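A short worksheet on the structure shown next.
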Amino acid sequence: MKPLVSNRYRLVCPVCGSQFDPTIVQTYCSSCNSPILTEYDLGSLGKILEPETVAERPRGIWRWRELLPINEEKNCLTLGEGDTPLLQLNNLGVRLGFPNLFVKDESTNATGTFKARGMVVAISKAIELGIREFVIPTAGNAGGALAAYAASAGCKAHIYMPEDTPKAIKIEVQMMGADLHLIKGLLTDAANAAHANAVNNGWFDVSTFKEPFRVEGKKTMGFELAQAFQWDLPDVIIYPTGGGTGLVGMWKAFAELETLGWISYKRPRMVSVQAEGCAPVVKAFQKGAERTEVWQNATTIASGLRVPSVFADRLILKALRESNGTALTVSDSEILSAQKEFAAQEGIFAAPEGAATLACLKKLKHQGWLQKNNRIVLFNTGTGLKYI
Ligand SMILES: *Cc1c(COP(=O)(O)O)cnc(C)c1O
Ligand SMILES: [Zn+2]
């Protein structure tokens, strides 16, 4: 394999345009309270990198390494993430009257959810920059992923999660040897506890969008979709939105691919689905607002969607609006019946968050928002086995 090139990218605040030094560890733009995004030299890259080159490489997210921030290949950790199957949902497609219905099944990632994609990039890069000790407040699965990569790299992980997080996720974190703190309360309470300890102990915080690179890992879902659809993106993507990393990541991926000259200007309509009991993005979208408000008393069985405070709200809402997309809620009982239907019809035991996309599809159909021949992609973001 060819060596990776360094200094290929800039770190930029999308709100004020400030740049940040990529040779040291970065968090977010504190003047704007905004995530920092990575901008690659795509003009130069477009002249030397070809889709065929990427396609011929070994499976996994590192096949896209020129579009990821790690400088030295030896620093790329892996437990087998990415290149998840894109499956056609024939039975549900017939039932619902959408012959071109697909699921991107993220349950095959290491640790059983797509959190692995973001975490492997963030942890690889932080270690490349000298970090050895990590902390995260988490609704669950990001903690599992951090615990796994920290274990594989021989680093320490401190994980703060609500005490009512599904049991399998707590066990996973403990098995990986991480330091687990169960918090009475919600993700926001876990975040406060984690933050206080991070500052006192000098641990690096890999919370959603509080460092620049989890979104880089998650954008590989957008690359894989483009490749699977022969560089002609699907018409609709339904995405279960918590912190919005995957949605923002895919939207970024599509822009990068267009600049590389690999896809046209055509974009999917992006749909955010949230739970009725925690829907800050849906509320802001429907009000036409640019920012979300902190959701009070958040509750849903889809723990990955129980994110009351959305740090990347501006980026999520921008992607939804630019794509001519939409945002809507589903109830926990709709999620549970969709989860059964997904499993019994297609043999896929989806996480509640993934099942929410099927419940959302039904609502969109009812609203007449979709066309029969639309190529529609649901995201099953994790395995239902982690919620037992
Ligand atoms: C974290 C999580 C989500 C939400 O993902 P974001 O990209 O942060 O919006 C959805 N599903 C599962 C299973 C998750 O763990
Ligand atoms: Zn800024």
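Derivation of every value follows stated rules applied to the coordinates shown; laboratory data play no part. Everything quoted here is computed from the prediction, not taken from an experiment. Here the Cβ is made from the backbone with ideal geometry for all residues, glycine too, and neighbour counts use every protein chain on show.
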If I stretch the segment between Glu322 and Phe20 completely, what's the gain in nm (0.36 nm per residue apart, minus their alpha carbon distance), one decimal? 106.1 nm
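Over the stretch 204-289, what is the mean sequence separation of C-alpha contacts under 8 Å (at least six apart), divided by residue count, expressed as relative contact order in percent? Walk me through the numbers before you get to the answer.
Values: 93 pairs, mean separation 27.1, N = 86.
Computed value for the stretch 204-289: 31 percent relative contact order.
Kindly give Rg over Rh for the stretch 120-172, based on alpha-carbon atoms, with the Kirkwood expression for the hydrodynamic radius.
0.99
Can you compute the helix-only [θ] at 222 nm over the chain? Use -39500 (n - 2.57) per DSSP H run of at least 4 residues, normalise by all residues, nearest 500 deg cm²/dmol. Walk me through the numbers before you get to the answer.
Values: 14 runs with 149 residues, N = 388.
So the calculated ellipticity at 222 nm is -11500 deg cm²/dmol.
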The long-range amide H neighbours of Ala350, using H built 1.01 Å from N in the peptide plane and a cut-off of under 5 Å, are Ala343, Gly384
Amide H neighbours of Ala279 under 5 Å, counting only residues 5+ apart in sequence or on other chains, H built in-plane at 1.01 Å? none
If I model a spin label as a point 7 Å beyond the Cα along the Cα-Cβ vector, how far apart are those points for Lys363 and Leu129 in nm? 3.7
Sort out for me the Cα centre separation of the stretch 53-113 from the stretch 187-253, rounded to whole Å. 15
Give the dimensionless ratio obtained when the Cα radius of gyration of the stretch 271-322 is divided by 2.2 N^0.38 Å. 1.04
So if R0 is 51 Å, what FRET efficiency would Gln296 and Gln174 give, r being the distance between their Cβ atoms, rounded to the nearest 0.05? 0.95
Projected onto the charge dipole of the chain (unit charges on the beta-carbon of Lys, Arg, Asp and Glu, signs +1, +1, -1, -1), the Cα from Val330, Ser152, Ser107 with the largest positive-side position is that of Val330
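Please give the per residue volume of the convex hull enclosing the alpha carbon atoms of the chain, rounded to a whole number of Å³. Kindly include the intermediate steps, with their values, before the conclusion.
On the way: hull volume 49.0 nm³, N = 388.
Spelled out: Cα convex hull of the chain, divided by residues, is 126 Å³.
So if a site counts as exposed when it's one of the trypsin sites (Lys or Arg not before Pro), its DSSP state isn't H, G, I, E or B, and it has at most 15 other Cβ atoms within 10 Å, what's the longest stretch of the chain without one? Could you put the intermediate results ahead of the total?
Numbers: sites that count: Arg59, Arg132, Lys184, Lys266, Arg291, Lys372.
Looking at the chain, 185-265 is the longest stretch - no exposed trypsin sites (Lys or Arg not before Pro) with at most 15 other Cβ atoms within 10 Å.
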Can you compute the FRET efficiency between Ala196 and Arg10 using 1/(1 + (r/R0)^6), with r the Cβ-Cβ distance and R0 = 45 Å? Round to the nearest 0.05. 0.90
How large is the Rg to Rh ratio of the stretch 254-362 when both quantities use alpha carbon positions and Rh follows Kirkwood? 1.03
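Over 18 Å between C-alpha atoms is what I'm after, so list which of Lys252/Lys318; Lys125/Lys218; Lys156/Lys184; Lys125/Lys219; Lys156/Lys218; Lys340/Lys386 land there.
Values: Lys252/Lys318 11 Å; Lys125/Lys218 14 Å; Lys156/Lys184 23 Å; Lys125/Lys219 16 Å; Lys156/Lys218 23 Å; Lys340/Lys386 15 Å.
Pairs exceeding the cut-off: Lys156/Lys184; Lys156/Lys218.
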Among Ala253, Gly130, Ile36, the residue whose Cα sits farthest towards the positive end of the charge dipole of the chain, when +1 is placed on the Cβ of each Lys and Arg and -1 on the Cβ of each Asp and Glu, is Ala253
Cut-off of 10 Å, at most 13 other beta carbons, DSSP loop: longest stretch of the chain lacking such GluC sites (Glu not before Pro): 164-289
Among Ile171, Ile159, Ile301, which one moves the most in a GNM of the chain with springs linking Cα atoms closer than 10 Å? Ile171
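How fast does the stretch 18-65 diffuse by Stokes-Einstein, in µm²/s, taking the Kirkwood radius from C-alpha pairs at 37 °C and 0.692 mPa s? Mind showing how you got there, number by number?
Details: Rh = 13.6 Å.
Using the Kirkwood radius from Cα pairs, D works out to 242 µm²/s.
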Going down the list Lys210/Lys266; Lys74/Lys167; Lys104/Lys167, which pairs span over 28 Å between their C-alpha atoms? Lys210/Lys266; Lys74/Lys167
Sticking with the crude label model, points 7 Å out along Cα→Cβ, report the distance from Lys167 to Gln286 in nm, one decimal please. 3.6
Mind listing the long-range amide H neighbours of Phe134? Cut-off is under 5 Å, sequence gap 5 or more, other chains count too, H placed in the peptide plane at 1.01 Å from N. Lys156, Ala157, His158, Phe204
About the Cα centre of the chain, what is the dipole size in debye to 20, counting +1 per Lys and Arg Cβ and -1 per Asp and Glu Cβ, all else neutral? 540
Log entry: pair-distance distribution for the stretch 66-199, C-alpha pairs binned every 10 Å from zero, whole % per bin is 13, 35, 29, 16, 7, 0
